[in-house]
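Have a look at the structure below, then the notes.
The values are calculated or read from the model by the stated rules, or taken from the named source; none is laboratory data. The structure displayed is predicted, hence computed values, not measured ones. Don't worry about glycine lacking a Cβ; one is built from the backbone with ideal geometry, like all the others, and counts go over all protein chains shown. For accessibility, only protein heavy atoms count, side chains too; no ligands or nucleic acids. Shrake-Rupley method; radii C 1.70, N 1.55, O 1.52, S 1.80 Å.
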Amino acid sequence: MILDVIMAGFGGQGVMLMGQLLTYAGMVDNKQVSWMPAYGPEMRGGTANCTVIVSDAPVGSPVVSEPKAVIAMNLPSLDKFEPLVKPGGVLIYNSSLIHRAPTRTDVRLIAIPANEIAAELGNTRVANMVMLGALLAATEAVSTSAVEAALKKALPAHRQDLLPLNLEAIARGRELVK
Amino acid sequence: MGERILMKGNEAIGEAAIKAGCRFFFGYPITPQNELPEYMSRRMPQVDGTFVQAESEIAAINMVYGAAGAGARAMTSSSSPGISLKQEGISYIAGAELPAVIVNIVRGGPGLGGIQPGQGDYFQSVKGGGHGDYRLIVLAPANLQEAVDLVTEAFDLADYYRNPVLILGDGLLGQMMEPVEFKATKLRELPAKEWATNGLRNHGGKTNIINSLVLDPHGLEEHNIRLQEKYARIVEAEQKAEIVDCDDAELAIVAYGSTARIAKTAVTQLRQEGLKVGLIRPISLWPFPVKDFEKVIPTVKSFLTVEMSAGQMVEDVRLTVNGCKPVYFYGRMGGIVPAPEEIAAQVREILGGAK
C-alpha cells in the first residue's frame, strides 16, 4: 500500500475529478489503483466523496475505514472524516472555507487556502488541483509526469489550453507543503 | 500486455459485451447501473449495433428474448427491483433455451430498497427467481478486470449451453473505477446457431420455432429432463472459485463479489497477526463450486461466510460442508458495505473462542 485517501467536499468542488486524476496517475506509474465514489443523494448538496487507493499489490478492499490521508474541501467533510485519519497520517483541509482548526494531534495537519490561491490564478475551479498538489507533496504517491499525463487525458481536446493553469495550481499546492 | 484503461465498472461491463460481439442492448434506467445503458447508448451506434431504452424492464427482457431467438448476442442490465420485473422473461428464455446475458448490479432490498450495494439477490439468482425448473449460470466478479473477463466468458457460455447467464455484480463494482484490459480470448468452439429464427434461407428451408409453451405433459417432462441433463453437464464442467491461503488455514472465509475483495484484505491483516486464515471465493455461484470446497473441507476447522445480506449463500456453504465443520455467518444489510476490520474482528472472535 502506497496511499489510501478519502477526498471530500461539496458537490461541484471537483472532488471526484481530483480522485480520478490521482487514480489515473497511479495507473500511469504502473501501480495498482482503485477509485470508489460515494454515490447517490449525497452528491447533491451534502458531502461528495471518493476513496482512492494507490498500491504496489492488487487492491483488495476499495473501502477504507482508516485512510492514510484525507482531503477536506469544506467543513462538513472535515467534521465527517477528521476522526478517520490513520494516526501518523495526513489531513489536508481547505482553510479558505474551513474556519475551525482540526483537533487531531496525532496526524500531520496541512492548511491550504485553496480557494484564494485558485482565485489568484484566475479560476476558482482549480481549487481542487491546489489541494491535489498539496497531497502529492505530502505523500509522494505518484510522479509529477504521471499527473501531467493524467491531466492531458482528463481534459477534453478543446480544453487542452487549461493544462498550464491546472499544472500551475498543482505546483502552488505543492509549494505550500514543506 | 494490452493497454490498461481506467473505467467505471458499469462501463467496463458494457465495453466487454461489445468486444464479445453483443450488438443488441435493451435496458431501462435504475441506479446503480445507469452508466451501463448510458454507455451502450453511445457505443452501440458506433459498432452498428442496436440500443433501445425500452418502456419497462419487462419489455427490455422480452426484446432480449426476441434478439436472442434470432441468433444475435443480446444483453440487458438492471438493478435488483428491475431484475425482479424481468423474471418472467428470464424463465421464458431459459425454457426456450436461448443464449442471453443479464447483468444485475445489486442494491439493497427488499422492495425498492436503497441504491447502495447489496448481495440480497443471491437466492433469486441461483435458486430460481422466475417460475419453473430452470437454472441460470451465475457469475460473480470481484474486480473490474474479472468483470470484463467474465462478461466475455458469459456470452460464450450462453451460446455453448444455449442458456441465459447472469452476471451478479453490486453497486460497489458498478460504480468504482479500476484499470482494465480487453484481451482477445477465444475460450471454446461454439456450435452454429442452427436453431435461430433468422430466415428460412439460412436453414435450407427448415422452419425453426422458438417457444416455451409445451402443453403435452409428457412432452414437457421430456423437455425438463433434457434441461436437467444440460444443467448436470454445467455443474460438472463450469464450477469456478478462487482459493487463497487455505493450505494451512484453520478458518476459511467464504465470500463472493466485492465482499470477497474486502475479505481478502481482512485475510492479509489477520495473516500478519499470525492467524491462519484463508479465503474461498466462489466465482460461479451457480453451479456452486462444490469441488473447490471439497479440497478445503478436510483441513479447515471452520468456515465464516460473509455477505452483504442476511445470509443467503451461507445456505449453500452449509449444504456443501454438510455438517462436517461449523459454518459461521456475518452479514451487513441495507447497503452497508462491511469494512475489512469488521470481518477481521469476527474471525478473531471465532478463533479466540475455539481455543
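Of all residues in the stretch B:41-58, those that are in contact with a helix residue (DSSP H, G or I) (Cβ under 9 Å, 6 or more places away or on another chain) and either closer than 28 Å to B:P110 by Cα or modelled with pLDDT under 95 (or both) total 6.
For the subset of the stretch B:169-206 comprising residues that are outside any loop (DSSP other than H, G, I, E, B) and free of Cβ contacts under 8 Å to residues at least 24 places away in the same chain, which member is farthest from the other protein chains (Cβ to nearest Cβ)? Selected residue: B:L200. Listed by first and then second residue, the pairs with beta-carbon distance under 7 Å, at least 6 apart or on different chains, first residue in the stretch A:5-28 and among the acidic types (D, E), second in a helix (DSSP H, G or I), form an empty list. Go through the stretch B:312-338 and give me each residue that's in contact with a Lys or Arg (Cβ under 6 Å, 6 or more places away or on another chain) and away from every other protein chain (no Cβ under 14 Å). The one that is in contact with a Lys or Arg (Cβ under 6 Å, 6 or more places away or on another chain) and away from every other protein chain (no Cβ under 14 Å): B:V327.
B:A94 satisfies every condition listed in (1) within 14 Å of another protein chain (Cβ to nearest Cβ); (2) at pLDDT 95 or above; (3) open to solvent by less than 50 Å² (accessible area, probe 1.4 Å) except (1). The lone criterion from (1) within 14 Å of another protein chain (Cβ to nearest Cβ); (2) touching a residue at least 60 places away in the same chain (Cβ under 8 Å); (3) within 20 Å of B:A241 (Cα to Cα) left unmet by B:Q116 is number (3).
Applying a threshold of 6 Å to beta carbon distances and a minimum spacing of six or more residues, or different chains, the list of pairs starting in the stretch B:220-233 at a residue that is of a type outside the set (D, E, K, R) and ending at one that is surrounded by 15 or more Cβ atoms within 10 Å (Cβ to Cβ) and not in a helix (DSSP H, G or I) reads B:Y231/B:R135. Go through the stretch A:1-72 and tell me which strands (runs of 3 or more DSSP E), entirely inside it, have 2 or more residues that are more than 9 Å from chain B (Cβ to nearest Cβ). Per the criteria, A:3-10, A:47-55, A:69-72.
Whenever a residue of the stretch B:238-265 is within 9 Å of another protein chain (Cβ to nearest Cβ) and hydroxyl-bearing (S, T, Y), its partners that are open to solvent by less than 30 Å² (accessible area, probe 1.4 Å) and part of a helix (DSSP H, G or I), lying with C-beta atoms within less than 7 angstrom and at least six residues away or across chains, give the pairs B:S258/B:L172; B:S258/B:L173; B:T265/B:P340. For residues that are surrounded by fewer than 24 Cβ atoms within 10 Å (Cβ to Cβ) and among the charged types (D, E, K, R), scanning just the stretch B:160-190, find the one that is nearest to the chain's Cα centre (by Cα). Selected residue: B:R162. Among the residues of the stretch B:253-297, what is the count of those that are closer than 19 Å to B:Q124 by Cα and among the small types (G, A, S)? Total satisfying the criteria: 4. Being crowded, with 18+ Cβ neighbours inside 10 Å, at pLDDT 95 or above and of a type outside the set (A, V, I, L, M, F, W, C) holds for only one residue in A:G88, A:G122, A:G60, A:G26, and it is A:G26. Out of B:E307, B:E341, report the one residue that is among the charged types (D, E, K, R) and either more than 14 Å from chain A (Cβ to nearest Cβ) or under 24 Å from the mean Cα position of the chain (by Cα) (or both). After applying the criteria, what remains is B:E307. The residue of the stretch B:16-29 that is nearest to the other protein chains (Cβ to nearest Cβ), among those that are in contact (Cβ under 8 Å) with a residue 60 or more places away in the chain and touching a strand residue (DSSP E or B) at 6+ places or on another chain (Cβ under 7 Å), is B:A17.
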